[in-house]
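Some notes on the structure that comes next.
We did not get these values from a lab; they are worked out from the coordinates using the rules stated. This one's a predicted model, so the numbers in the text were calculated from it and none came from an experiment. Here the Cβ positions follow ideal geometry from the backbone for every residue, glycine too, while neighbour counts run over all protein chains shown.
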Amino acid sequence: MRKRLWIVNNEHCYWKSGVTKPGYTAIPFPLECTDGIDTNVSAAFEQYACVDLSPTFYTNMPGWHSHPNVMIVEDARNFAQNGYFLQTLFLPEHSGCHVDAPAHILPDKADQTIDIFPANALCGIAKKIDLSQENYAPGDLASLSKVEEVMKHTGITIENGDIVVFDFGYDRYLVDVEKKPAHQRNWWGENEPGLAEDVCRFLSEVGVKAVGSDTPACDTAQINGQVTADFGHAHYFLPNGIFIVEGLYGLAKVPACFYLLALPLKIKGRSGSPLRPIALF
């Protein structure tokens, strides 16, 4: 059987087999290569818009309030002393945009570390739930009725194997952080809305492969560093092998449906990894 990946437009995504659809580009699998390069894939990728969904790493960048800070030794090697330039990074696995593996908070799944999963574990059709106009305050929870309202408005459905990302508009709190007073620089890492239990249950029952957001802990809600809800991490996502992607940046630039490519670092025996996620549409 030859599968075809229908490249996304601004509203909908399709993963079909042997079906034609006007206005969509299809990539046949298995690939048929000529001189090592498949012309269908090359042509299709040239038509994509590509959006980076990650923040920039820098020393003391915002992050989950109890994690160690990111530190960058900017002159670890330099031209004057060493003849070349190299920086040294000190960072927790869960910094910047990153993924949580089940081993992160579940002692009974300590063997499910990020390095055992395939490289494409976080690649696939992504559906965006845009909640940025709701102006959720820290501690607020997005309900299933609100999520269904957004889905109906944007014309998307959530299917088994999808990656679902929530745009709370909270990446605005990552802008010009270094210009803020010291006590306000990690406000983002201590405050966030989250997902109500009915949303987490719904996503788990559908069988999504990952859930992400532009907040520091996705489904978790917190106020000034005090967790007020944590349904996905503890009960519905990680216990069921659903990855959690946190710290996405720039979701306002992508449509309601797109193709997500996010590759974790292959860190032996670890609970997660930084990501460089990109949206293709």
M151/K253 FRET efficiency (R0 25 Å; Cβ-Cβ; nearest 0.05): 0.80
Residues whose built amide H sits under 5 Å from the amide H of A49, excluding neighbours closer than 5 in sequence, are F281
Exposed trypsin sites (Lys or Arg not before Pro) absent: longest stretch of the chain, with sites in DSSP loops and at most 14 other Cβ within 10 Å deemed exposed: 3-265
Please compute the contact order of segment 94-204 in relative form: average sequence separation of alpha-carbon pairs under 8 Å and at least six residues apart, divided by the residue count, as a percent. 31 percent
With Cβ to Cβ distances under 15 Å as the rule, what net charge do the other residues near E149 carry (K, R +1; D, E -1)? -1
Fully extended contour minus Cα-Cα distance, from I105 to N160, at 0.36 nm per residue: 17.4 nm
For segment 52-280, size of Cβ-based charge dipole, Lys and Arg +1, Asp and Glu -1, in debye: 580 debye
The residues S42, S213, sorted from fewest to most surrounding Cβ atoms within 10 Å, come out as S42, S213
Could you list D176, D140, D171 so that the one with the fewest beta carbons within 10 Å of its beta carbon is first and the one with the most is last? D176, D140, D171
Find the centroid of the Cα atoms in segment 126-202 and in segment 226-249, then give the distance between the two in whole Å. 13 Å
With the contact rule set at Cα under 8 Å and sequence spacing of 6 or more, what percent relative contact order holds for segment 52-280? 31 percent
Report the extension gain between Q47 and V227 in nm, rounded to one decimal, defined as 0.36 nm multiplied by the number of residues separating them, less their alpha carbon distance. 60.5 nm
Counting DSSP beta bridges with both ends in the chain, the antiparallel % (nearest 5): 70 percent
Computed [θ] at 222 nm, helices only, for the chain once each DSSP H run of length n ≥ 4 contributes -39500 (n - 2.57): -3500 deg cm²/dmol
